[in-house]
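Note sheet for the following structure.
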């Protein structure tokens, strides 16, 4: 029997009437084995068109307090080069996502802010302070009709929940390049900076390719918040899972499995609705050697994933 297009759950046990839910898609994936996010062997295949995105990054916007145009994006890719937990594909993920946004969705060059640890400019290094400042830039001054994109490719983790608002007892976190010194970025903070300030008519799409990222934007937390905008997050796995990176898809560059499958599903044009996009991503990862992570889709408001069209 076909599942309902709105299989929803709330993560807040202390909020009796939640408005915000998590959308789990329309088909339950089979049980799969989880692997840590690391490079893995793959077959040689022709390099896809989007791999042309592996080009030098553009200069950042002239001022982080002066948003440009109706479309804005913040892309963060961290390889943790000085750590034993180094990632090989995060910077590639960012370059490929930037290429997609410009070529497919018409995002202007000055409206895309890129933070990676491969840059010499200290303002563009993905430290905790720089990421938080860039998040504020992304939403500052946005108006009805604006389209915002946040992409993070790197490590994710969990911390013990201190305020009692998590059913599983853990807050999900994003790890900046200096997380060992400055600390991680907790999902409550991501929500407070990126989601709560959204005015009515503004749409934020987030793609989070990191471990434990199922609720990286903590979207159910906004159920009692007066946020008028729509926030939708594609994450690479559930809160209790790990994600992976691989070269099995392209046969050349290493990328995050979630980022690659998201981009390819959009490029093919076969995933026009949120539900079909999620199913395409899950199907691609299920067939790959990238591991057992089950990509998730969460939102700040309830909608039919089989009817609502994806528009960035």
Selection from the stretch 124-141 of residues within 15 Å of residue 181 (Cα to Cα), out of contact with any helix residue (DSSP H, G or I) (no Cβ under 8 Å at 6 or more places or on another chain) and part of a helix (DSSP H, G or I) yields 131
Kindly indicate whether residue 204 is under 18 Å from the mean Cα position of the chain (by Cα) and at pLDDT 90 or above. yes
#### Entry: residue 164 vs. criteria assigned to a loop (DSSP other than H, G, I, E, B), more than 22 Å from residue 98 (Cα to Cα) and modelled with pLDDT of 80 or more
no
Exercise. Can residue 114 be described as farther than 13 Å from residue 210 by Cβ, modelled with pLDDT of 90 or more and under 15 Å from the mean Cα position of the chain (by Cα)?
Worked result: yes
Taking the stretch 71-89 and keeping only residues that are modelled with pLDDT under 90 and touching a strand residue (DSSP E or B) at 6+ places or on another chain (Cβ under 8 Å), one is left with 87, 88, 89
When the stretch 109-123 is checked residue by residue, the ones that are out of contact with any strand residue (DSSP E or B) (no Cβ under 7 Å at 6 or more places or on another chain) and not in a helix (DSSP H, G or I) are 117, 118, 119, 120, 121
Of the residues in the stretch 254-312, those that are in a strand (DSSP E or B) and within 23 Å of residue 95 (Cα to Cα) come to 255, 256, 296, 297
Considering the stretch 81-94, residues that are surrounded by fewer than 24 Cβ atoms within 10 Å (Cβ to Cβ) and closer than 17 Å to residue 120 by Cβ, and then whichever is farthest from the chain's Cα centre (by Cα), we arrive at 82
Against the definition (in contact with a strand residue (DSSP E or B) (Cβ under 8 Å, 6 or more places away or on another chain) and modelled with pLDDT of 75 or more), how does residue 290 come out, yes or no? no
| query | Is it true that residue 29 is under 22 Å from residue 198 (Cα atoms), in contact with a helix residue (DSSP H, G or I) (Cβ under 8 Å, 6 or more places away or on another chain), in a loop (DSSP other than H, G, I, E, B) and modelled with pLDDT under 85? | reply | no
- Just wondering, is there one or more residues in the stretch 187-195 that are outside any loop (DSSP other than H, G, I, E, B) and either at pLDDT below 85 or more than 22 Å from residue 73 (Cβ to Cβ) (or both)? yes
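The values are calculated or read from the model by the stated rules, or taken from the named source; none is laboratory data. Please read all numbers here as calculations on a predicted model, not as lab measurements. Quick reminder, even Gly has a Cβ in these numbers, built from the backbone with ideal geometry, and neighbours come from all protein chains shown.
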